[in-house]
Structures are given as structure tokens and as C-alpha cells.
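Below is one structure, written out as C-alpha cells, with a few remarks after it.
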Amino acid sequence: MLARTRTFALHGVDALPVDVEIDIHRGLPAFSLVGLPDAAVRESRERVRAAIVNCGFEFPLKRITANLAPADLRKAGPGFDLAIAAAILCASGQIPASGLAGWWLAGELALDGSIRSLPGVLAMAERAGGSGDGIAVAEANAGEARLAGEAAVAALGSLSDLATLARGELPEPPASPPAPVTSAPLPDLSDLRGQPGLREGLEVAAAGGHGVLVVGPPGAGKSLAARRLPSILPPLSRAEAIEVTKIASVAGRGPIDGTLAGRPFRAPHHTISSAGLVGGGSPPRPGEITLAHRGVLFLDELGEFARSSLEALRQPLEDGSVTISRAQGAMTFPARFQIFAAANPCPCGHGEDSRSCSCSGERARAYKARLSGALADRFDLALRVEQPSAEALAGDPGESSATVAGRVLEARARQEARLGTGRTNASMTEAEMADHVRLDERGSAALAAAHGGMGLSGRGWNRVLKVARTLADLAGAERAGEEQIDVALSLRRKVAA
Amino acid sequence: MSACRECASRALLLAALAGHIDRAVDRRVGDRARDILALGDEELALAVCPSEPAKVLRRVRSAERHEALAGDLEAAGCWSTCRHRAPLPDALSASPAAPAALFGKGDPALLSGLVPERAATVVGSRRAGAYGREIARELSRTLAASGIVVISGLALGVDSAAHEGALAGPGTTVAVLGTGADRPYPRSHRRLYERIHAEGLILSELPPCSPTFRWMFPARNRLMAALAGVTVVVEAAERSGSLITAEMAIDAGRQVGAVPGPVNSWRSEGANKLLADGAAVIRGAQDVLDLLLGPGAVQVGRRGPPLGERELAALGAVEAGASTPDGVGAAAGLPFTRALAALGRLERDGYLRADATGALSRTALRAPEAGMGGGLG
């Protein structure tokens, strides 16, 4: 007797369909599992046997062969339990096979037959929706599966519910409207007092999607500012929010309780390995840059990160994704994030001009060289800040996130009208820059003077132009003028002399 | 060209006794090095190495040792000269602190052409701030362009900025090393060393392959002081080796100048103290030229493009010590974006410079005379 059920395997952040085929023969009782299963999948046999028996079904004492197809796809984790158990019950005629024809099955079994939640259910539900069929998942996963919005979702408490589902008797849950894109309240920009430099840097960075480097002593509010960047970025669209939630789910950062994630903010420590940062391992798992997809990656103490880790960021920053190659094939993770880096002005943090600076000349020089080499050409904006004065700290709170976000949104709308949906000035190609970055006469003259006098490189020139374009967008101006060029020059990345 | 046997022996003796001399002067670097080096060969050997002076002397005077030296010189691409041979400059051979032999790398003609009236020694703190480095660079650039040879010691901070400044223009520069002339010290300045080798001259009183000890640096300072007509101290803290150089310049009958710094800056305490003690005030290359060649003999002068009100206010704030856009905005009373724009303008006009951390400092470029301004701001 043969039966077939359908489930998913996770590949990167995507779900790939897997067929579970069960053949039950007469012969010595045996249960074999083929189709490139890993250890957790092989152990599934024991869970399936116990769950079937403990839910009052009968485990056929015959020769059982389970095949997971396609056979060349490596399968990992306990997510195939439910589909295997269902196929055995169908093949042995204990539940009607026709009842499960319209359902994808995804869940891990406990020994008592109850169904446990899985990572990556949103990706599976999305894929199921694309096929027009429904998906049956653990009750704890049902909220997440419904976020996808298209597929019918059956919430199963145990294997007994599966039988009910197959008979078409499982009660439909009340239809709920698609979940709104909400997120936990973000820290507000009004906490940042008396730091006009940081505020300007944040606003320009948010408006144009530019990478930003802030250099200043401890206590200058660098981390405080970084954590407030998500609050002034435009809200995620529904599609973007689903992407972000999907990644969080695949990475096992649940439980996803039926609400979509907001813009992520990731702040890895500077001791992180390059695999931790960009993703790696076997099978490859998403790294910090993928977890920061559509959000902010905050690198505190940029000068202390291993050079190899920072170098690994280069390609993803360019491509918006990272591809990890293994012998079994390559896997691509999305990684379109905004980078916010902070650094102390010297190794001891006080700044070379301070008497309390304890760094030797050579050490300070080496630090500066490292800082100016770190991802040298990936920051459009750089800014030196200092500790706010006591009066400023005691003074009125500054503008709130909502006010600044309003201006950012307008500037982004102008960019999208020029470049297309979701695009920002930071992502302009050279051809687009030639089309869209127009300088007035004085602006061109200012930039020419900077090229001659300051030794601005070609890349440096392009970055100044992009930032000037963003400044003009924030000002609602058609062309960038001398004022915008000068401000962009002030905000450019400086390199060691 | 090479040093005579007697002078070369003296240099070899210094190298052979280097460790002993170091122990003799270690407590107060500088003071005693001068006195010790003024001793004759026998006295020196007896003073610092009482156990076996004769043996050391015999060894450094032996024919094998001199053959080995000739081999070392050739291998290192160096040459030697002494007070009995051209081209040791008169200035140096006349000085009581003159070295017996001098080892060089680079064009020997530069040494014979070196006259104190056409040379300035620029020294200062190894831990120089942006101010010190900028002034040293600009001062040396202008001096070198005016035909003055800039002499310094290849050290970190002011010294290397002085060499770089001199190499930036058409001028030439001489590095006097405490170690042998064959060895870039500090090692991180290898590239600068190579440039000076190619375009200028490297000097040392120690033969190639000498070990390195602390007393060699104050000893080197006396050569730098004697070679130039004026020694300029740019940024020196209270206890700085540059002050030893200034003292030695006075001993050698040379002039001493210092660049004034902020009175509340620890980096400039030494330089300001020199000024209080009567050193010449150096505000720029013109002051050095006036000291060397007589007031007004040669004119330098470069002023930047005119500035608007906003830029002048921002420039004033940087001159008063602000080094970040926030600080400039607050000090100049400008809204932040206006301050940013003013700073961008000032930087592209060459009035300001930003380092890798974004800290701003004033360049030596002078603002136009009042009344010439009224620019675009």
C-alpha cells in the first residue's frame, strides 16, 4: 500500500516542497527512511512510532519504507515528522488519504502525539499559498502561518486533530483580517539632546539610505543615536515586513505570535567572526547582515572588528544579498541593510587632543590608519561628534522621531519618483547619477575646486554627489547647489593624511 | 670618498662601546652624552669600559675591522667622510661637537653644499597634534621651496611632517639619524626613508650595522643643531628631546626659534617656554627666512581666497580650539547645517584639514587681509 503527503524543507530562507512517500509491505517489521535524511530526520522514526501509538492509532507491524523526494536535497531537522506520520496513517487506511490531498503538513511530533512548532513556517505558508492549497501546522505556528494571508491554515494540537482534518471536520477558525504591520514602540529621537551633528547625520542617512560612520569619545551618544535610526526610517511595506518576519522565523528567533516584525536593529559585538556576520556553517545559517535585512546593522567600535569580517561585508553591501557556497551548492540570503558604524577617536577613547589620552603616537597613528582603511569606500557619510554640554543635556528635548520621519518620508518619495519603488540615492548607479544629480553653476564650481584642492578621489566624488542629492531632496530642491556640496564635503569620509 | 683611518676608528669605537656608553648615560639621557662624546678615544674607552679599554681600542683600529667596515658600507649603499676630507661642511668641522666621521646615504654633493645660512632644522614632539604636524609640514614646504634645506630626524610626529613637507615641493631635505644611516628608524617610516634617500640625504655619525641605544638620539640632536643656521621647535611638551636640540643649537652658536602654541595646551608647553626664555618667535616660513638671511631678504607669502562672514566665524571657532562641527556651530553661533557648509567651504579652500577621525585643524594658509574679503557667504 502506498501513500503520499507533502511538506517543506528549508533552504536558506526559502521553503522547498518535499514529497513524503510511504510504502507498506508484508514482511518482517521494519521502518527505513531514505532520501538524504540527517540525524534528526532519522530519529523521526522513533517519534512517529510513539506518537501514532499514543494517539490511539495502530502502528503497522510490516515492512515500512519512507522516501523523502527529491532525493538529492539534503533534509535536516524534525519538521518532517507530521508528514511521515500522516503518510503512514493513510497508507494503513486509518485516515482517508483523499482528506489530506489539499494540505501541506509541517510539524514536529512529541512522543504523546502532540505537535510542536517549527522555524520557518511563514516561508512554508507563503509557498503553500502559491500552490493554492492549505497548510496544517502546530497550534503555536498558526498565527505565523496566517500572516502569509493566502493559504488556508489548519491548526493541529495533536495527531488526533489530523484525523479530524482528513475527515473534513476540523472547525474553521474565524477569518481574521491580515495582520497590520506594527512593531514594538521604538526608542524616540527626542532623547537625543544637544547633538545637532548626530541628528543631521541620522536624518541624511535615513533620507538617502546612506551608510554612516560616527567618530567620537565614549558618552557622545553614538549608540543612543544608532538605536534611534529605525524610528525615523519609513515604515516597512507589507511585503518587506513579511520578508523580515520570514528571516526571523527561519533563524529561530521566534515565537512569531502573529504580528509582523518591524525594521530590525542588529548590533553584533566586534569579536564576531566573519561567518557570524555574513552567515555560514553547514548547512549555512543566516548571519547578522541577513538578520538586519531591511533594517540597521550597527557596528560599534568599527576599528576593533577583524579586518576579514569587515572585508566580508563588502560584497553584500554592494549586492544586497550574500551567497554562501558549499559542496552541496550555493545558498543566497537577502542582506539589504543600512550600515551605521561608530568608533572612538583613538584607542583609549579620549581623543588625541585630550591630555588624558594615554595612547602613544605610534599606536594612535596605527589606529587611524586602520580606521581609515576599514570599509573605506562603503560609508557615504562620516561625522566627528563630541560629548554634549551640560546645558544641552539639561535643555529641552529635541525634535521627535515622528517629525523627522515625516521629512525623511518626503525625501524618499522624491527619490522613488526618480529611481523607482524602494530605491534610494545611496543605490544610484553611475548612469543614474549622470541623469539625476544636477548641480547648479556654483555647485559645479565648488565640486571642481574640491577635486583639485582636497584630492577627492573618483569614488569620493560620487559619494559627495549622492549625499548632495539627498540634501537637495530633504530641502525639496530640484538641483544641488553650492550649499549642498559644501555640507556633503563636510560629511564625507575622511582618510588618513 | 671615504673617511680617514683615524676618524673611522673613532666611529667604530662609538659603535663598539655603544652598550657601555648607554649604561654610563642612562640615568639622565642627554646631559652626559655630550660630555662623554667630547672625550678622546683612550679616555672614552677607559671611562665607559674600564675592564678592557686597550683590547677594544686594538680591535677597532685593526685592519680586519676596517675592511669589514668597507664591506658594510658597500653592502648598505653608504659612503663615509670625515673632518679631514671633503665634503664635511665647514660648519660641522668647526663645531666643538663635530663628529670625527660621518656616514651618509644619498647624494654626497648635498652635504658639500650644506651651509648653515641655507639650512633650517625643524624638530618637535613625536606625539604631535594635528596643529604641530600641519605647521611643520607647511613651514618646511615653504622653506624648501625658498631654497632652504630642511633638516630633521625622521622621528614620528613633527620630524616626519617636516620631511614630508620639504619633499612635497621642489626643495630638499636631510634626515640625521641616531642609528646607522643604513637603517630606517622608526621602521614604520621606511617609505619616507626611501624617499629621502632618493631625493635628499641621510646622515649618521655611526657606521652601518651599529646597534641602537637611547643615548644616540640626544647625540644625534647635536649634529642637527650644528648643521643648520636656525633650529625651529614646533610643538614640544615640557620634557621633550627637541628642547635638548635647542640647547645644543645655542651651544653651537646657532639661532633658536619656536612656534608659539596655545598657552593651555600641554603639547606646546616646551615651545612656549623657549619663547619665554628668548627664542625667536616663528609664525611662519617668513620668520625663519628673516632669521637666516636677514629681515625681508626673501619674501614668502600665500593667502587663501576671500571668505564670507559665516566662513570667518567658523574659521575663528576652529582657531579658538573647536575641532568638531558641533563645537564650531556652538562657538560660532551658527545653525548646524550652516556650520557644516562653512566648514566644507573652508576645507576645499585649504584653510582647514580633517584627519581620519574627522577632527578639524587649521592649516597654515593665511586668511586674506581685512577688507579683501566680502565673499560669497
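The values are calculated or read from the model by the stated rules, or taken from the named source; none is laboratory data. If you're wondering where the values come from, they're calculated on a predicted model, not measured in any experiment. In this analysis, Cβ positions are derived from the backbone assuming ideal geometry, glycine residues included, and neighbour counts consider all displayed protein chains.
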- A careful count of residues in segment B:112-149 that are surrounded by 21 or more Cβ atoms within 10 Å (Cβ to Cβ), more than 30 Å from A:Ser358 (Cβ to Cβ) and among the charged types (D, E, K, R) gives 1
- Go through segment B:162-214 and give me each residue that's among the β-branched types (Val, Ile, Thr) and crowded, with 20+ Cβ neighbours inside 10 Å. B:Thr172, B:Thr173, B:Val174, B:Val176, B:Thr179, B:Ile196, B:Ile202
- Task: Find the residue count for segment A:389-434, including only residues that are of a type in the set (Asp, Glu) and surrounded by 12 or more Cβ atoms within 10 Å (Cβ to Cβ).
- Result: 4
- Select from segment A:439-473 the residues that are more than 10 Å from chain B (Cβ to nearest Cβ), touching a residue at least 60 places away in the same chain (Cβ under 8 Å), touching an Asp or Glu at 6+ places or on another chain (Cβ under 9 Å) and over 30 Å from B:Arg133 (Cβ atoms) and list them in ascending order. A:Lys466, A:Thr470, A:Asp473
- Residue list for segment B:228-239, restricted to those being surrounded by fewer than 24 Cβ atoms within 10 Å (Cβ to Cβ) and closer than 12 Å to B:Ala271 by Cα: B:Ala237, B:Glu238, B:Arg239
- Query: Out of all the residues in segment A:138-161, which are within 22 Å of A:Val244 (Cβ to Cβ) and either within 24 Å of the chain's Cα centre (by Cα) or acidic (Asp, Glu) (or both)?
  - Reply: A:Ala140, A:Asn141, A:Ala142, A:Gly143, A:Glu144, A:Ala145, A:Arg146, A:Leu147, A:Ala148, A:Gly149, A:Glu150, A:Ala151
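Please pick out the residue among A:Leu105, A:Leu111 that is surrounded by fewer than 18 Cβ atoms within 10 Å (Cβ to Cβ), in the same structural domain as A:Ala50 (by TED's automatic domain parsing) and modelled with pLDDT of 90 or more.
A:Leu111
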- Query: Taking only pairs six or more apart or across chains, which ones have beta-carbon atoms under 9 Å, a first residue in segment B:40-62 that is farther than 15 Å from B:Ser9 by Cβ, and a second residue that is at pLDDT below 90 and hydroxyl-bearing (Ser, Thr, Tyr)?
  - Reply: none
- Message: within 14 Å of chain A (Cβ to nearest Cβ), at positive phi and either at pLDDT 90 or above or touching a strand residue (DSSP E or B) at 6+ places or on another chain (Cβ under 7 Å) (or both): is that true of B:Gly157 in this structure?
- Response: yes
- Which residue, of B:Ala120, B:Ala136, is in a helix (DSSP H, G or I), in contact (Cβ under 8 Å) with a residue 60 or more places away in the chain and within 11 Å of the chain's Cα centre (by Cα)? B:Ala136
- Message: Out of A:Glu399, A:Glu391, I need the residue that is among the acidic types (Asp, Glu) and either within 9 Å of chain B (Cβ to nearest Cβ) or assigned to a helix (DSSP H, G or I) (or both). Which one?
- Response: A:Glu391
- Message: I'd like to verify a number: residues in segment B:321-354 that are facing chain A (nearest Cβ under 8 Å) and of a type in the set (Phe, Trp, Tyr), how many?
- Response: 1
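Have a look at A:Ser237, A:Ser249 and point out the one that is of a type in the set (Ser, Thr, Tyr) and surrounded by fewer than 21 Cβ atoms within 10 Å (Cβ to Cβ).
A:Ser237
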- Message: Suppose we keep only residues that are modelled with pLDDT of 90 or more and among the small types (Gly, Ala, Ser) within segment A:222-247. Which one would you say is farthest from A:Asp300 (Cα to Cα)?
- Response: A:Ser231
- Residue identified as away from chain A (no Cβ under 14 Å), within 30 Å of B:Gly77 (Cα to Cα) and small (Gly, Ala, Ser) among B:Gly257, B:Gly296, B:Gly229: B:Gly229
- Report whether or not B:Cys7 is buried (at least 17 other Cβ atoms within 10 Å of the Cβ) and either touching a Lys or Arg at 6+ places or on another chain (Cβ under 6 Å) or without any contact (Cβ under 8 Å) to a residue 24 or more places away in the chain (or both). no
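Take A:Leu313 and tell me if it is in a helix (DSSP H, G or I) and crowded, with 21+ Cβ neighbours inside 10 Å.
Spelling it out, A:Leu313 is indeed in a helix (DSSP H, G or I) and crowded, with 21+ Cβ neighbours inside 10 Å.
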- Message: Any residue at all in segment A:309-320 that's among the polar types (S, T, N, Q), within 14 Å of chain B (Cβ to nearest Cβ) and at negative phi?
- Response: no
- Note on A:Arg384: of the conditions (1) closer than 29 Å to A:Gly208 by Cβ; (2) modelled with pLDDT under 85, unmet is (2)
- Message: Just the residues that are among the aliphatic types (A, V, I, L, M) and assigned to a loop (DSSP other than H, G, I, E, B), please, taken from segment A:65-105.
- Response: A:Ala71, A:Leu73, A:Ala76, A:Ile95, A:Ala101
- Message: Take A:Arg479 and tell me if it is within 34 Å of the chain's Cα centre (by Cα) and more than 10 Å from chain B (Cβ to nearest Cβ).
- Response: no
- Note: among A:Val385, A:Val322, just one is assigned by TED's automatic domain parsing to the domain that holds A:Glu240 and either within 30 Å of A:Glu430 (Cβ to Cβ) or loosely packed, with under 13 Cβ neighbours inside 10 Å (or both), namely A:Val322
